[in-house]
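Following: one structure in structure tokens, then a few remarks.
FYI, it's all coordinate maths here, none of it is from the lab. Because the structure is a prediction, the values reported are computed rather than measured. Heads up, the Cβs are rebuilt from the backbone with ideal geometry, glycines too, and the neighbour counts pull from every protein chain shown.
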Amino acid sequence: MKPFTVKTNARFEMIDITGQVAAEVRQSGIRDGICHVFVPHTTAAVTINENADPDVPRDILAALDRIVPYAGPYRHTEGNAAAHIKASLFGVCQAVFVEEGRLVLGTWQSLFFCEFDGPRTRKVLVKVSAG
Ligand code: ZN
């Protein structure tokens, strides 16, 4: 298991990482099992949602910003409290079944890396277990 890198370009961003994760699954050689995707960060997350319409991730980010406003007030003095809260709301891991060497995702589903305190260079860990 080796991490791959995601370079983010904005403070808030959802980046489709389905292709990179699928490549890790292929490289694992495992045909049937479970693929775990883990983001080792406290102000980023991973989620599964639609990427057919790019307005879906835009709406998600805009709604999140209304629910958890950037400006606070918050106690955390680093200035990124909202990013920590958003990361915990979405979570840092996802599990996807693998069948015949492919991720089992719904027609409209994509795996998104969620940046809440960018731009930064981030890591994503992928582990595929047979079974
Ligand atoms: Zn912080």
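Couple of notes before you dig in:
- G106 fulfils the conditions (1) assigned to a loop (DSSP other than H, G, I, E, B); (2) in contact (Cβ under 8 Å) with a residue 40 or more places away in the chain; (3) under 18 Å from N51 (Cβ atoms); (4) not β-branched (V, I, T) except for a single criterion, (2).
- Residue ID - farthest from the ligand (Cβ to nearest atom), chosen from residues in segment 84-113 that are under 16 Å from P3 (Cα atoms) and in contact with a helix residue (DSSP H, G or I) (Cβ under 7 Å, 6 or more places away or on another chain): L111
- If you go through segment 41-58 and keep only what is exposed (fewer than 12 other Cβ atoms within 10 Å of the Cβ) and touching a residue at least 60 places away in the same chain (Cβ under 8 Å), you end up with nothing.
- Residue in segment 67-79 that is aromatic (F, W, Y) and either touching a Cys at 6+ places or on another chain (Cβ under 8 Å) or at positive phi (or both) present: no
- Residue that is surrounded by the most Cβ atoms within 10 Å (Cβ to Cβ), among those in segment 70-83 that are over 28 Å from E50 (Cα atoms) and within 10 Å of the ligand (Cβ to nearest atom): Y74
- Flag for K2 being surrounded by fewer than 15 Cβ atoms within 10 Å (Cβ to Cβ) and under 18 Å from the mean Cα position of the chain (by Cα): yes
- Any hit, segment 59-69, residues being in a strand (DSSP E or B), more than 16 Å from the ligand (Cβ to nearest atom) and either buried (at least 17 other Cβ atoms within 10 Å of the Cβ) or more than 12 Å from the chain's Cα centre (by Cα) (or both): no
- Residue in segment 41-58 that is farthest from F113 (Cα to Cα), counting only those that are of a type outside the set (A, V, I, L, M, F, W, C) and within 15 Å of the ligand (Cβ to nearest atom): T42
- Qualifying residue in segment 22-45 (condition: in a loop (DSSP other than H, G, I, E, B), touching a strand residue (DSSP E or B) at 6+ places or on another chain (Cβ under 9 Å) and basic (K, R)): yes
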